[in-house]
Structures are given as C-alpha cells and as structure tokens.
Amino acid sequence: MSAPPVRLRRVVVALDASPHSLAALQAAVDLASARKLELLALFVEDLRLLQATALPFAHEVGAFSGSVRPLDAAQTERRLRDLATRVEALVAATAGRAAVPWTFRVRRGDVFAEILASAEAGDLLSLGAAGWSPMRGRALGETAGRLVQGVGGPMLLARRGTRLRLPLLVLLEGERWRETLEAATDLAGEAAGALVLAVAPGPAQAAREGEARALLAQLGVGPTRVRLLAGSGPSPLRAVVRREHAGALLAPASAAAFRGEAGERLLAGFDVPVILIRWGPSAAPARPQAAQGPRKSPLG
Amino acid sequence: MAHPTRPTGGPADELKADALRRELDPAGLPFATTDEAAAEPVVLGQDRAESALAVGLGMVHDGFNVYALGEAGTGRHFVVERALRAEAGGRSVPDDLVYVHDFSDAIRPRAIFLPPGRGPELRRAMDVLMDEVLTALPAAFESEEYQARLKAIEDAFKEKPEAGFKRIQEEAKARGLAMLATPVGMVFAPIVNGNVLDSDDFEKLSGEEQARVRGDIDELQQELQKVLRAMPAWDRERRDQVRALDHDIADTAMGHLVDEVQVPFSGHRGVTEYLEAVRAELIESAPRVLKPHGRGGDPSGEGAPADPGEREGFRRRFRVNVLVDHADAQGAPVVTESNPTYTNLLGRVEYVAQMGTLVTDFNLIRAGALHRANGGFLLLDARKVLEQPYAWDTLKRALKSRQLRIESLGQSMGLVSTVSLAPEPAPLDVKVVLVGDRVLYYLLSAYDPEFLDLFKIAADFDDEMPRTPAQEVAYASLIAALVKGAGLASFHADAVAVVIEHAARLAGDAERLSTRTGPLMDLLREAAFHAGGTAPVRAEHVRHALEQQRYRAGRVRERLLDAVLRRTLHIDTEGARVGQINGLSVVQLGPSAFGHPSRITARVRLGRGEVTDIEREVELGGPLHSKGVLILAGFLGARYAVDHPPALAATLVFEQTYGGVDGDSASSAELYALLSAIAEVPLRQDLAVTGSVDQHGNVQAIGGVNEKIEGFFALCRERGLTGTQGVLIPAANAPQLMLERDVVDAVRDGRFHVYPVARVDDGVALLSGMDAGERGASGAFPEGSFNALVEARLQSMAADLAAFGNGGGRGDRADKARRKARKPPKGST
C-alpha cells in the first residue's frame, strides 16, 4: 500500500513574521542545516486582506488596545511590503549563520493555496502553529489547521519559544506505523540512534514493540527506547514527551491525540516542535482551490 | 616641710654633708626582698584623682564624663582602668544590639536591642528558618495541590477570551463575514463563496444590503472591542488569583516556621514586630524567588524565576547582623580603643565589589567602639582622639545627642549624596574617660566651648607626693608591686631604697617623691638586666643602671665639659676677678637635664643709670631673664643711689653662650658681678652662684638646684678639687637637696662646699672676702666695707657726670675720693 519513498529534498517555511512563524523559521534552518537541505522561505501577501481593506468602510480593531481605526488598501500594501522586507532580512541572517542555501519568495493570493502550491514532492513544510491571532497561540491558526487536515508531505509545527532538538519522539499509531517509523529514521538521518518510540495503545501494542525493534534493526538503527502509551488522548503523549525530555515529536497527523478541539489545542500549545506525517484523511481527499494541485506524495 | 634633722647654720655657714642628700635606710623598709611584699598593685599620692574618678564614674547624669590629666607615667591608665573595672563590675550587663533589614525601607536597617546573649540566638534562629524556607517552599510549589489549583485558574482564564473570539467568529460566519488577522489587529470583510467581496462587487449590492453589511461589521467590531478590552482586566485578575494562591501556599508552608522562631522571643516587642514583617515579606516575595523554574510560572513571561544571585540576595535580607554581643559579659563593658579613628569610634558600613561596583547592605554594618561600650565605659587617649580627623567632633556629637548614627565621613559632612545605608540610630548611654596631658586639658577648656560641658570631671594626677617615713614604706610596696607585675627578679631592700632615693631626685626635691612610675619601671627593668638574672637585685645594680642612664644621656654634657677643660669655653675655677662670676644654668635635653657653669661678666662706665642686658639686646634672653636684670637694677638704685641720680651705665652678659638664656636664677650672680665691677673688687672664681634676687636684696629659690651644683662640681673635680671650691645656693633651696653621692662625699671631706645664702650681702661677703657692711646710725656704710666702696664709686660717678654736664672732665677731687674709699681686697690677685 505504501508508495516508493521520496527522499527529503527541501524545507519550505511559510512566514508571516509572527513569533510562531519565526520559531518555525529557526526549526526549518536547524533541520536544513542538519540534513544539508535547501531552504525556501515563503511570504504570502494575503489577498483577502488586501481586498477587505479596499472596501471604503474598512476598519481595523487593534489586537492589543481594542481600538477601532480606519484602514485602507494602500496602508495594508505598505505594511505587507515592510513585513516582507523584515522577514527576508531575518531569513538571510538565520540561514546565513547556519550556512544553509536559501531562497526567498513573495507570493500574493490565498495563503493556504499559495503554500500548497509552493510545496513539492520531497519538501518538508514548516510553519508556526498560529499566525497573527488574537488568541495568542492558544488555538491552532486557520492556515495551520487546514494544512494539518490536508494531505501532503511532512509538516513541522513550531510555536514561540521552542527549538528543534533530539531525541525525537516517534508516535507509532495506526496501520501505517511502519511508514511513520521510516520517515522518522529518514528525518533523523545519521542521528537516528536518538529516537524514542511511543507505541499507541491497542490490542497489538506489545507485539508492535517487537516488530518496531525488528524494523529498526533492519534499517540499521541502533538500540532505541520504546514506551508503551497508556492512552490515546493528549495527556499521555504530553507526559511521555516530558518524561523523555524529547526535543521534537514525530507523529501521523491522523493520530487520535490530535483529534477534536483538545487535539487542536495540543498541537497549538505543544512544548516541542511537532512533525506530522500526512496521508489523505479519507479515500477521497478534498482538492484545495489553488493554482496548482497539491502534491500527494507522502514521505516514506 | 623642713626635715627635722637638717642643720640650720648661719647665713654663710656651709651645709653639712648630711644635709645634701636624704638617704633611706633599707632597714626601715618592711621587707628584705620584694618577694616578701604583697603583690597587690598600689597607687600612691593620687587621692585627688581617685576621688574625682569615684564621683565621675559613679554619677549617671549627662556630661559627667572624665578627663584624667597628668604627666605620662603617673599611673593614670592603671588607676582609671582599676576604677572602671570596679565600677563596671557592679553594673548590669547591657543589651545586645542587632541590625535587621527593614522590609518597608531597605536603606534604613532597624536596630533591635535584645537581652545579653539573645542577639546571636536570634541570628541562629533566622538562619535555621531560612534553611527550612528554602527547602520547604520549592517543594510546596511542586506539590500536586498547588499545580492543580494553578491549572484550574489558568484554564478558567484561558476560556474567557477564547469563548469570546469563537463566538464572534461564529457570529461573523453566520452573517457572511470573515475575520482576518493583521500583525496589529483584526479586520472584518464580507464574503461571498469563500472570497472577499471587492469594492466593485460591494457597490453592486443593494443599498439595503450594503447598510446591513456595514451594520453587521460595526456591531462585530464593537463586540470584538469589548472582548479585547476585557483581556487586560482578565489577565490582571488571573495574576491576582495566582498571587493569592502563591501567598496561601507560602503561608501554609512557612507560617508555622516563623511561629517557631517567635516563641522564645514572645515577650520582646521589637522582635515580634520584626518577625511579623518577616512573615509578610516571605509570603510576598518568596514565591517569586523560590518557585521552581518552568513550572507554575506566568505564561506571559512575567515574574521570571530568580537566578542564584537573586536567591542569595533574598536570603541575605533575612539575616540578623549582630553588632554587639554580650553573651559572656560580666558587668558593664569597659572598652579601650587604642586607635580612635572616626570609623573605629562610630562604626562603619562596608562595601563589597560586585561586577565592578561597590554594594552594601545591612549585613555589612560594623560596630564602633561606642557601640561596644554602650551601657558601659569607653577609655580613650585624648591626644590620639584629637589627632584623628573628625574623631573629636564625632565623639562630642555622639555624647551630646546620646545617639549613635553610623554614617560615612562623606555623608556626615554632606559631601556625598549617593544612596547608601542610613542605619536607624541607636540610643547611646556611655561614659567616656579621656586620658591626656594637662596642656591638652587646659587648651580644650579654653578653646572648645563644649568641652567642659561634656567632661565635667577632671581627675588631676599629681606628679609628686610628700616624702615621709610612712610614705617611703608605702612607696617601697609600690615598687615591690611593680617588680612583681613586670615579672622581674626580686629586688633587695637596699636596691629598693636606691630606687626611692632616685624617685626623690626625679621629683627634684629631697622632701618629695615622684609619682611617675613610668621612669621608675624603666629603671627597675634595667637594674634587673644588669643583675644578669641573679636574684635579688642589689643596690649596686640600680646604681649601675642609673650611671648607665646618665652615661647614655651624657654626650652633650661631656662635650660642654670638655670644651671648658680645653679652654674653648672660658670658665675660671680659681683666683679672683673683677666684674666676673660663675653663674649656673640647667640644660634640659629630652628627659635628662644637667647643670653647667656660665661666665657672667659686668662692665660699668659713666652713664644715665641704665643696665644693659646684652642677652636681651640680641634677643637671646627670655622675658624672665630680662625681668631679673630689671629687678637687680631696681635694687641697685634703691640701695646705693637714693640721693643722687644714677650716673652709671652697665652691661651684663653671659659670655660664650650661643643659644637662648631664660629664667631669673642668674640674677643674683649678675648682681654680684655688677657690684664687683662698680666697687672694682675682685670676686672668687672658685665659687659658682645661683639664685634670684628681689628688689630688697633677698636671695630667692630657684629650680634645678641639684643639677646646678653637680654641674660645677663635675668641672672642679676634672680640674682637681682645690678644697676651696663650692656653690652658693638660695637658702630656701637647701631642703630640696638630693645630690649625687660623690658631691656629698667631697663635702664631707671638706673638698667642696655648698653655701646657703639668704641675702645678697651674705653672698658678697663670701665672694669678695670682705664685710658687706650695713648702714649705721649715720646712714652710711662702714668704711672699708664692700657696700661703702660701691656707694662711693656711684657717688663719684654722679659727680663726674655732673661735672661732665657742666663742661668739665673728670675732677681730681672726685677721683681722689674714690681712691681713698678703696681698700685692696684680701687674697686678690
């Protein structure tokens, strides 16, 4: 059932200059540096915002003060330009420090669609758990939420104050756990020994541990700690991350822990960056409205 | 007081050898060696000072501080310390003094007085408390109870804005609007089929539709505004609730610990208040400092956890700085500060270097001597206090205000305005005893208006005491105590007798004893040294030590003597000369003094009655010397030139002196020289003279009589005693004689003579070998007497002057009259 593996080729980071997105930039640069990958930094000027502020009665409610003030399209254009300049300088500085080859691209359009359009097979998509939201990171941003639910390659979610480090906790859940494990070993590369496996509960939980060890041995990965999760909700997962002092979590996007409102809150507020492996949620994935069709090439 | 055994001879009868030195018979002493004497140190002759001390130390009123004045070595320190100890022993031990942090005003540490020994107890209790707080509190913040209660608060407050936003978002969706986020805010826009309506499409809407959209947007904007504006209040409310929870947990975890410290100090108001402040401060600030990192912290990043430096700083604030601890004290403290600098007296605030800056806190407050002596006595050396910049002013200010205010010199002078500590002033109740010399006492009395108000009691230490047989015995006990106190080998009674004789010599008076035990102590030590460790130390050892002292101090004396012997300095010790006499002076060099003869000469000529003191003319003579010369001129005029104007001009000089001359002790010698020059009668050069005269021709007492006699004796002995040599001294000085044994021996053998002289005429008779002559019934001096010659010469000069004034020269008649009156002296050369 699994497709032939596609090697990780590039890291794409979507930036809007929000604190979370800057954490995503740092995680992307760290990953690209570790795996010798290229970096594509993408800044999307939200077309909806430009259209909205073009309306004669457009007003903005200040996120901090709550004051209502008029806003026009010219002002919005100027702001977006300024942001793009700032973001580019940050990308140059961050990637430059790590000697990661980078490209910066500004797109105008629907944010979700533009991100999807920029990502190709072999890309890892990195973005902040939320954008410029008054919720202050307590819930997953709109774009991130849609991308998590969508299909595509691996995706990294970072929130303000987190950094990507080892060990990598791998959640083995569902029928496609082998692909998840292979994706993790691929991602970890030479540091594959620094994996911790968390096996989701289920009737075959104990057996799966043995199988996972066998598979790792087959892949040439050294001894690895394995934890058997007591439950499938957010709490056991959060607990094991803490206990293992994990520096990142790799899990299928479809994992039970991420479902529902509690799941979304977990993703939005996780203590470490989360790498999600995505498959289509169902047999007939919804095609996003975008200039180009999304790449349906799950990693591994 | 005249000694009962002293012989009283006639005016010119020489003194017997026994009258020249009052020796002490060792057999009269109460012990054979000092080992047999009591070791209890005694002080003699200081009754006045001791009674003053008793009053000064006993009175508790302000200003009754004591200044103990007197010469060094008179036992001031010993007497004062003994009196202080006796007084202090009967008083209660004062309180301990501690400084603690004032949590409401960090730069003004609070002073707390505690019963003796309780200061360190409070410090230990607080150290234990903080050890326990530092372990108990982090554990309390790790507890499940705290975490659960904290999460409940956080969750409750997260939900409020989330629910608000969600509601607005749903409302917007329902009305066909999108809520778009910008970096600085939110924008609402109408949406059709998932796309934002652009302005052209909006224009195409019906007026009613447009109004509805705008109304909806306005409404939602206001709704959003409400939610956003409520957020800071919610946030504040959340922080308040977290803080209240922290306080509750801290109180639960530590309250009983503070109570435990409280129990043993329950009756003490200062400590109770302090501990209440400690409790409040611990509850307020401990959670911020001691909450474990990364747990239960404020999600907004406020109240960041403390670093180790802050933790240590937190702990320091709860320490107790014990400045004065009387735990092991008996009675009131007696403190001696040997280096009374400003800070050593008043205390100071120290600083430590931290990251290149100097910082301080109440733990670095250090006590001064006044703190340690508070409630007791402080003994200081007056001169040292005055020598230290600002120490005197500081001491006076503290005594006057009865407060101890620790501040740096810069602060007290208003030169520094940086923020530093200003510790709470402590009440001061101390009695200060200054020990100093008399000059300082009188200078301070004269020039410092506050001095006498603050030091009302002067304990005046005498430097000599009467010498009676009973006092000699007591003095022997003192010496025995000194010997024992210094740990010296025992002294034989004969050695002690010599020491007592030396004490009389130090007093410069056979009937007095010096109370200056300092020089005696030096003598005892040196004598023991010369004894070479053998006991008991004998008289010869003491004498040897005295000789050594004299020899060591004798370089200048020997040089002078040598200069005389080599005739560099001209002093005759034989024969007779007109207008020339040997005067005697005392040279004081540091602690030692010696006598030395000086040749005094007088010349006369016709003039208008002026006696010129050459010393004064060249400003080498002091005022007392000039006074003596004017007095003798007064005597001369009154006695010999009553009925005619003085027609004399005379010059008087100390020959071959190159330094200053002062004192009137040579005025009798000068008078003799002058009379000799007028009468043209030679005076004996084998005699030397000392004594001052008054205007009636009485010879008066002078100082340093012993040294003067010994000075002339030394010269005569070097040249070979002729048997006629001697010294004329004022009769009034005779009881004071305490001469060296070699002089006494020479007198006893008739090889040297000491003549007590009461009147000038007695001296004239001795020096000239002539009868001085007294005016008879006719009012005239007997013919052929010395005084007749003087008078005749003066009359002849007056006549000469009158003749000279009338245009004539010296008349033959006058010349003849003068020659007639003159009669060659006996034995003149």
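Values as computed for the structure displayed
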item: Any strands (runs of 3 or more DSSP E) falling wholly within the range B:390-502 and containing at least 1 residues that are in contact with a Gly (Cβ under 6 Å, 6 or more places away or on another chain); result: B:457-460, B:464-466
item: Search result, residues across the range B:187-199 that are in a strand (DSSP E or B) and within 7 Å of chain A (Cβ to nearest Cβ); result: B:Val187, B:Ala189, B:Val196
item: Tally of residues being in contact with a strand residue (DSSP E or B) (Cβ under 8 Å, 6 or more places away or on another chain) and assigned to a helix (DSSP H, G or I) across the range B:163-186; result: 3
item: 3 or more residues in contact (Cβ under 8 Å) with a residue 40 or more places away in the chain and crowded, with 19+ Cβ neighbours inside 10 Å: qualifying helices (runs of 4 or more DSSP H) within the range A:173-262; result: A:177-188, A:234-243
item: Those residues of the range A:83-102 which are at negative phi and either in contact with a helix residue (DSSP H, G or I) (Cβ under 9 Å, 6 or more places away or on another chain) or outside the structural domain of A:Pro154 (by TED's automatic domain parsing) (or both), in sequence order; result: A:Val87, A:Leu90, A:Val91, A:Thr94, A:Ala95, A:Arg97, A:Ala98, A:Val100, A:Pro101, A:Trp102
item: Residue list for the range A:31-88, restricted to those being without any contact (Cβ under 8 Å) to a residue 40 or more places away in the chain, more than 10 Å from every other protein chain (Cβ to nearest Cβ) and hydrophobic (A, V, I, L, M, F, W, C); result: A:Ala74
item: Test result for A:Ala93, surrounded by fewer than 21 Cβ atoms within 10 Å (Cβ to Cβ), away from chain B (no Cβ under 14 Å) and under 28 Å from A:Ala268 (Cα atoms); result: yes
item: Lone unmet requirement of (1) out of contact with any helix residue (DSSP H, G or I) (no Cβ under 9 Å at 6 or more places or on another chain); (2) touching a residue at least 12 places away in the same chain (Cβ under 8 Å) for B:Val322; result: (1)
item: Of all residues in the range B:544-588 being closer than 30 Å to B:Val483 by Cα and in contact with a His (Cβ under 9 Å, 6 or more places away or on another chain), the one that is surrounded by the most Cβ atoms within 10 Å (Cβ to Cβ); result: B:Ala545
item: Among the candidates B:Gly267, B:Gly215, B:Gly207, residue that is surrounded by fewer than 16 Cβ atoms within 10 Å (Cβ to Cβ), among the small types (Gly, Ala, Ser) and under 25 Å from B:Met126 (Cα atoms); result: B:Gly267
item: Scope the range B:152-171; condition closer than 14 Å to B:Arg239 by Cα and either more than 9 Å from chain A (Cβ to nearest Cβ) or of a type outside the set (Lys, Arg) (or both); matching residues; result: B:Ala152, B:Ile153, B:Glu154, B:Asp155, B:Ala156, B:Phe157
item: B:Val473 being more than 18 Å from B:Thr74 (Cα to Cα) and not assigned by TED's automatic domain parsing to the domain that holds B:Leu399; result: yes
item: In the range B:570-599, the residues that are aliphatic (A, V, I, L, M) and closer than 18 Å to B:Glu707 by Cβ; result: B:Ile571, B:Leu584, B:Val586, B:Val587, B:Leu589, B:Ala593
item: Strands (runs of 3 or more DSSP E) wholly inside the range B:610-704 that include at least 2 residues being under 29 Å from B:Thr724 (Cα atoms); result: B:648-654, B:682-684, B:687-689
item: All positions within the range B:335-355 that are farther than 16 Å from B:Pro425 by Cα and not hydrophobic (A, V, I, L, M, F, W, C); result: B:Thr336, B:Glu337, B:Ser338, B:Asn339, B:Pro340, B:Thr341, B:Tyr342, B:Asn344, B:Glu350, B:Tyr351, B:Gln354
item: Residue match in the range B:229-240 (condition: of a type in the set (Gly, Ala, Ser) and within 11 Å of chain A (Cβ to nearest Cβ)); result: yes
item: Meets criteria (aromatic (Phe, Trp, Tyr) and surrounded by 24 or more Cβ atoms within 10 Å (Cβ to Cβ)) for B:Tyr755; result: no
item: Flag if B:Ala27 is surrounded by fewer than 14 Cβ atoms within 10 Å (Cβ to Cβ) and in contact (Cβ under 8 Å) with a residue 24 or more places away in the chain; result: yes
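The values are calculated or read from the model by the stated rules, or taken from the named source; none is laboratory data. Since the structure is predicted, the reported quantities are computational estimates derived from the model, not experimental observations. Methodologically, a virtual Cβ is constructed for each residue, glycine included, from the backbone with ideal geometry; neighbour enumeration extends over all protein chains shown.
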